[in-house]
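Peer 1: Supplied in structure tokens, the structure appears directly below.
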Amino acid sequence: MLIWIIFAAITGACVIAVLWPLGRQSPRPVVSADARAMYEAQLHDIARDLDRGVISSADAELARAEVARRLIRAAREIDPASDVINEVTYRRRRAASAIILSTIPLVALSLYGAKGSPQMPAKPLAARLSTDPANIDLAVALSRVETHLQLNPTDGRGWEILAPIYLRTGRYDDAARAYANAAIHLGSTMERLVDVGEARVLAASGVVTADARAAFVEAGKLGPLNPKGVYYLAIARDQDGDRAGAIADLKALLASAPPDAGWSEMVSERIAVLEGKTPTPPTGADAVATLPPAERMTAIRGMVDGLAARLAAQGGSAEEWGRLVRARAVLGDKAAAQDALLRARIALAADPAGRASVETIARDSGLEVAP
Amino acid sequence: MLVEIAHFALAMALGLSLVQMIIPVWGVRRNDIALARVGEPAAIGVFVLLLFAFGVLMYAYAVSDFSVQNVAENSHSAKPMIYKLTGTWGNHEGSMLLWVLIMALFGALVALARTSLPDRLRAGTLAAQASVTVAFLLFILFTSNPFNRLDPAPPEGNDLNPLLQDLGLAIHPPLLYVGYVGFSITYAFAIAALIDGRIDAVWARAVRPWTLVAWIFLTLGISMGSYWAYYELGWGGRWLWDPVANASLMPWLAGTALIHSTIVMEKRDSLKVWTILLAILTFSLSLLGTFLVRSGVLTSVHTFATDPSRGLFILIILMLFIGGSLALFAWRAPMLRQGGLFAPVSREGALVINNLFLAAACATVFIGTLYPLALEGLTGAKISVGPPFFNATFLPLLIPLLLLLPFGQSMAWKRGDLLGTAQRLGVAIGIGILATVGIFAATYGGPVAAPLGIGLGVFLIASALWDLGERIIGRASGARAIWSRAVGLPRSAYGSALAHAGVGVTVIGIAATAWATEDIAVMKPGDRMTNGGTAIVLQQVFPRTGPNFRELVGRFRIEIDGKERGDIESTKRTFITRNNMQTTEAGIRTFGVSQVYVSLGEIQPDGSVGVRMYTKPLMLLIWIGSLIMGLGGALSITDRRFRVAAPAKARSPKGPQGSAGGPTPQPAE
């Protein structure tokens, strides 16, 4: 609201400033009286120069004559009829006032209205950083740390702070690199190398790659592996075809778990999956699979919401829209699924084939598809 | 909220400019002072609004408000504060805003110049200038709005092109813009005069200080840009004859011609049509430069971002203002009253020759710049017009101009005496020849043209001083008489002498580049590179961290003639905020007016570095000369006849001192 009052004040100030000369009933027409003044000053200067002896009297006479000629010419050009102020003048000034009164606000408001964002607050960086830590702008903080580390790449402590943030935001490759850098600059420890390995596993969608395994093996040389390391090596064993060995390792891990260990549930679930008691989650080897169920659902919903936001903002291919519709339906959120379908049909208006494929997916997912 | 108010102020400035464009013309046509006067508060209002908008944009840069798209695209929170501020105009949108701000500043100054301008001329000028402002404000609001917002705001900005993260950005563009845009005022004066059909000595006198201001700033802007390129680009050159440099040279040449032709117009009431045409052409060339640089036709560090819609918009502006003004000129110019006559050999004649040479030189640059572009546009063939072309065409025009300059400077108005002038210049000519021969002998076996160039420069300086001395001392005898004549001499006489001497200084600096040396070597710490009496020893190579870059520093010790003369550092910077873009920061040490310039090249795997060493004898004179020219211009502006109308001591058939063909005590410019 305040901003509109300010706009109104600016507009008012401008209009008044411009109307000011019209309000003054100056009887003086636009004449070149200034020219007369200039030539008179020239005559005066010639007299002064003559007094000081800068020019001779003969030259001064010639110069005076020249100035006088120019003065006469200038005087002849002044129109004597223009001194009159009459009804026409007043009418003209009223018309000009009307033009000014309408043009200025109209132009300013229409142009600003089309392009401005009056509701948007300023976002200076300092304000975005100094908000209380609970709801700090994570992206801003992240980029600050990143800049710092690019300038000071040997700050291992910084890498160690950065790595879990990467992990949480799904930038697993970056997380692996950050953990590795922390290990290089702070010294390799068992924990750090296990973290490197875990990040590599997550980057590979849950597959323990050769790189990741090398990290776990290396960590094992530095001390007894922590539960996380043991867990991933067991998964690796299963990948190599030794399912029984993997189950045995996991069971041993479970047995050694302290009663309050948060990870016990995850391990026992994994054992169940390996023993064939629970079907493998449809997302297969996805990193999400290694999360406990509650977190997994949150993570999946988060990913789907992310996809929805991105498609809404930037649009996307028919395939992506199809994926969103199916995901919404599978998660049991009918309303959201219908909404996604509607958006997809709008977004793919120019792509009949793509629209048809999304509609097929919707029908297969049990949604109502209006013709 | 401030950003939004600034955005509104920008839109409001357009509204006010429209009023400023329309109402005063109406007032002038109907002879109504009240309507004609509307332009004054409007012009001041536009300036205040734009100043506020620009200030807010600068503030947004200072506090890194990345919700402003322009800030997000061109700034970075880790950048030092000075570059955050200068970054305001280190991009397309911000620099266009600076452009209209300066235009509005000139408009406001014209509006406030109550005593020195006739009413009709002021009203017409403000209206004509407002039309240019309107076009550029439309351009900014529709294609280059600096106040576009981003929601959500990105966490970090893109940072500024590292080449621009330099103090040069604080100096070069504002100076250049004041120059470019200053000529919009002379353009507006010309349009106002054409519309009103009244062009006389009053007009010339009113225009002259504005032209001088624009010319001074353009001179300094070009010269500082050249110095910036010299030390920042790491190639040790100063002028590449590249299209961007040419784009600023063309208005300078035309503007130089303009300040000379307005003298003739003011003193002798002639050359009116030509002067008007020059005023139009000078600003048209400024616009053309803007178009070339900003439309993406040319790609350089000045281009910022290419966007076809912008190019089209500027092209339309260009056609509208150049085409429109030339059409107006063709229509109205024949109605102008012709002024006084003069003999070919006279101060006027000399100034006409000056104008002819400058215009021809300008045309040469114009062709050399645009022909390759036109050819590429028409046939797709890429040709490069570089220094060989300009050396073969531009220099033959410039050298006779410089040789004739001192003659014109000391010739009498209306009817001059070539022989007498030559006799008076005898001493200066002698000094010039002596300098040439002396230097040729001292550097026997070196470049042949350089001593000639130095001789020319010395001749220019000597004749400027000689002419000044003769005016002061002349036939006066006794210290008192000399003193009173020195005081009585108008400041513009000192100004012109200084400006012409500055040309001489620059010529010497350019000529001396023939003796510059360049050496390249791969060095390891402890290695030494020698050329003549100058040697550098690589002390160490070490890394260092800056606010938004990392750099590899090479530290050298300089020895001149076997004596240690301190250290010099050249670095290779990697800007981590800008995709690890690399720049080279040359190390420069100044000894007198000569410089030693060291630049780091490739870093070899074995730790050795490529190093270029240049020695630049008398190099600084190039820029010192341009500073002197600017100073001369400034002195001329302070001449009292621009403050209060004063005499044009015209029509005296002989010099008022009575000495046949002798120099007049008048300002020579």
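Peer 1: Quick check on this structure: which one of B:98, B:112, B:50 is more than 10 Å from chain A (Cβ to nearest Cβ), over 30 Å from residue A:91 (Cα atoms) and touching a residue at least 60 places away in the same chain (Cβ under 8 Å)?
Peer 2: Only one candidate passes the filter, namely B:98.
Peer 1: Of the conditions (1) at pLDDT 75 or above; (2) out of contact with any Cys (no Cβ under 7 Å at 6 or more places or on another chain); (3) facing chain B (nearest Cβ under 7 Å), residue A:104 satisfies every one except a single condition; which number is it?
Peer 2: (2)
Peer 1: Which condition from (1) farther than 23 Å from residue B:78 by Cβ; (2) more than 35 Å from the chain's Cα centre (by Cα) is the one that residue B:566 breaks?
Peer 2: Of the numbered conditions (1) farther than 23 Å from residue B:78 by Cβ; (2) more than 35 Å from the chain's Cα centre (by Cα), the odd one out for residue B:566 is (2).
Peer 1: Only one of these is part of a helix (DSSP H, G or I) and open to solvent by 10 Å² or more (accessible area, probe 1.4 Å): B:178, B:207. Name it.
Peer 2: B:178
Peer 1: When you scan the range B:98-113, do you find a residue that is open to solvent by 10 Å² or more (accessible area, probe 1.4 Å) and not in a helix (DSSP H, G or I), even just one?
Peer 2: Taking every residue of the range B:98-113 in turn, at least one turns out to be open to solvent by 10 Å² or more (accessible area, probe 1.4 Å) and not in a helix (DSSP H, G or I).
Peer 1: Also: Kindly indicate which of B:572, B:563 is more than 14 Å from every other protein chain (Cβ to nearest Cβ), crowded, with 19+ Cβ neighbours inside 10 Å and of a type in the set (D, E, K, R).
Peer 2: Only one candidate qualifies: B:572.
Peer 1: I'd like to know if the range A:311-320 contains one or more residues that are open to solvent by 60 Å² or more (accessible area, probe 1.4 Å) and modelled with pLDDT of 80 or more.
Peer 2: Here is the first cut: in the range A:311-320, the residues open to solvent by 60 Å² or more (accessible area, probe 1.4 Å) are A:312-314, A:319.
Imposing the further condition that a residue be modelled with pLDDT of 80 or more reduces the set to A:319.
Yes, that holds for at least one residue.
Peer 1: Filtering the range A:146-163 down to residues that are open to solvent by 40 Å² or more (accessible area, probe 1.4 Å) and either assigned to a helix (DSSP H, G or I) or more than 14 Å from chain B (Cβ to nearest Cβ) (or both), which residue is nearest to residue A:216 (Cα to Cα)?
Peer 2: Going through the qualifying residues, I end up with A:160.
Peer 1: Just for the range B:10-30: of the residues that are open to solvent by 30 Å² or more (accessible area, probe 1.4 Å) and of a type outside the set (Val, Ile, Thr), which one is nearest to residue B:134 (Cα to Cα)?
Peer 2: Among those residues, the one meeting the criterion is B:18.
Peer 1: To continue, here is another question. Checking residue B:526 against (1) assigned by TED's automatic domain parsing to the domain that holds residue B:603; (2) at positive phi; (3) modelled with pLDDT under 85, only one condition comes out false. Which one?
Peer 2: (3)
Peer 1: Of all residues being of a type in the set (Val, Ile, Thr) and touching a residue at least 40 places away in the same chain (Cβ under 8 Å) in the range B:25-47, which is nearest to residue A:93 (Cα to Cα)? Just the residue, please.
Peer 2: B:33
Peer 1: Being more than 21 Å from the chain's Cα centre (by Cα) and more than 7 Å from chain B (Cβ to nearest Cβ) narrows it down to one of A:129, A:109, so name that one.
Peer 2: A:109
The rows are residues; the columns are (1) open to solvent by less than 50 Å² (accessible area, probe 1.4 Å); (2) in a loop (DSSP other than H, G, I, E, B); (3) not assigned by TED's automatic domain parsing to the domain that holds residue B:573.
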position	(1), (2), (3)
B:496	yes, no, yes
B:503	yes, no, yes
B:509	yes, no, yes
B:538	yes, no, no
B:543	no, no, no
B:548	yes, yes, no
B:554	yes, no, no
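Peer 1: Then there is this: Considering every residue within the range B:207-223, establish whether at least one is at pLDDT 85 or above, among the charged types (D, E, K, R) and not assigned by TED's automatic domain parsing to the domain that holds residue B:586.
Peer 2: Yes, the range B:207-223 contains at least one residue that is at pLDDT 85 or above, among the charged types (D, E, K, R) and not assigned by TED's automatic domain parsing to the domain that holds residue B:586.
Condition check ((1) free of Cβ contacts under 8 Å to residues at least 24 places away in the same chain; (2) outside the structural domain of residue B:505 (by TED's automatic domain parsing)) across all residues:
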{"residue": "B:380", "(1), (2)": "yes, yes"}
{"residue": "B:415", "(1), (2)": "no, no"}
{"residue": "B:442", "(1), (2)": "yes, no"}
{"residue": "B:446", "(1), (2)": "no, no"}
{"residue": "B:461", "(1), (2)": "no, no"}
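Peer 1: Please state which one of B:241, B:274 is assigned to a loop (DSSP other than H, G, I, E, B) and surrounded by fewer than 24 Cβ atoms within 10 Å (Cβ to Cβ).
Peer 2: Going through B:241, B:274 in turn, just one is assigned to a loop (DSSP other than H, G, I, E, B) and surrounded by fewer than 24 Cβ atoms within 10 Å (Cβ to Cβ): B:241.
Peer 1: If you don't mind, another one. Name the residues in the range A:86-101 that are over 16 Å from residue B:26 (Cα atoms) and surrounded by 12 or more Cβ atoms within 10 Å (Cβ to Cβ), would you?
Peer 2: Of everything in the range A:86-101, just one residue is over 16 Å from residue B:26 (Cα atoms) and surrounded by 12 or more Cβ atoms within 10 Å (Cβ to Cβ), namely A:101.
Peer 1: Also: So which residues in the range B:68-88 are more than 23 Å from residue B:545 (Cβ to Cβ), surrounded by fewer than 24 Cβ atoms within 10 Å (Cβ to Cβ) and of a type outside the set (A, V, I, L, M, F, W, C), if there are any at all?
Peer 2: Passing the criteria: B:69, B:73.
Peer 1: Next up: Going by what's in this entry, would residue B:166 be described as surrounded by fewer than 24 Cβ atoms within 10 Å (Cβ to Cβ), outside any helix (DSSP H, G or I) and under 24 Å from the mean Cα position of the chain (by Cα)?
Peer 2: Working: surrounded by fewer than 24 Cβ atoms within 10 Å (Cβ to Cβ): yes; outside any helix (DSSP H, G or I): yes; under 24 Å from the mean Cα position of the chain (by Cα): yes.
Taking the combined requirement at face value, the residue satisfies it.
Peer 1: Based on this model, can you work out whether residue B:489 counts as open to solvent by 20 Å² or more (accessible area, probe 1.4 Å) and hydrophobic (A, V, I, L, M, F, W, C)?
Peer 2: no
Peer 1: Taking the range B:140-153 as the region of interest, how many residues are closer than 14 Å to residue B:61 by Cα and more than 8 Å from chain A (Cβ to nearest Cβ)?
Peer 2: Looking only at that region, the number is 1.
Peer 1: Right, something else. Would you please list the contacts, defined by Cβ atoms under 7 Å and residues six or more apart or on different chains, that run from a residue in the range A:350-366 that is closer than 19 Å to residue A:336 by Cα to a residue that is in a helix (DSSP H, G or I) and aromatic (Phe, Trp, Tyr)?
Peer 2: Here the result reads A:358/A:321, each pair linking the range A:350-366 to a residue that is in a helix (DSSP H, G or I) and aromatic (Phe, Trp, Tyr).
The values are calculated or read from the model by the stated rules, or taken from the named source; none is laboratory data. Note that the structure is predicted; figures quoted are calculated from it, not measured. Ideal geometry is used to build each Cβ from the backbone, glycine not excepted, and the neighbour counts take in all protein chains shown. The accessibility values were calculated without ligands, DNA or RNA, using every heavy atom of the protein model including side chains. Shrake-Rupley method; radii C 1.70, N 1.55, O 1.52, S 1.80 Å.
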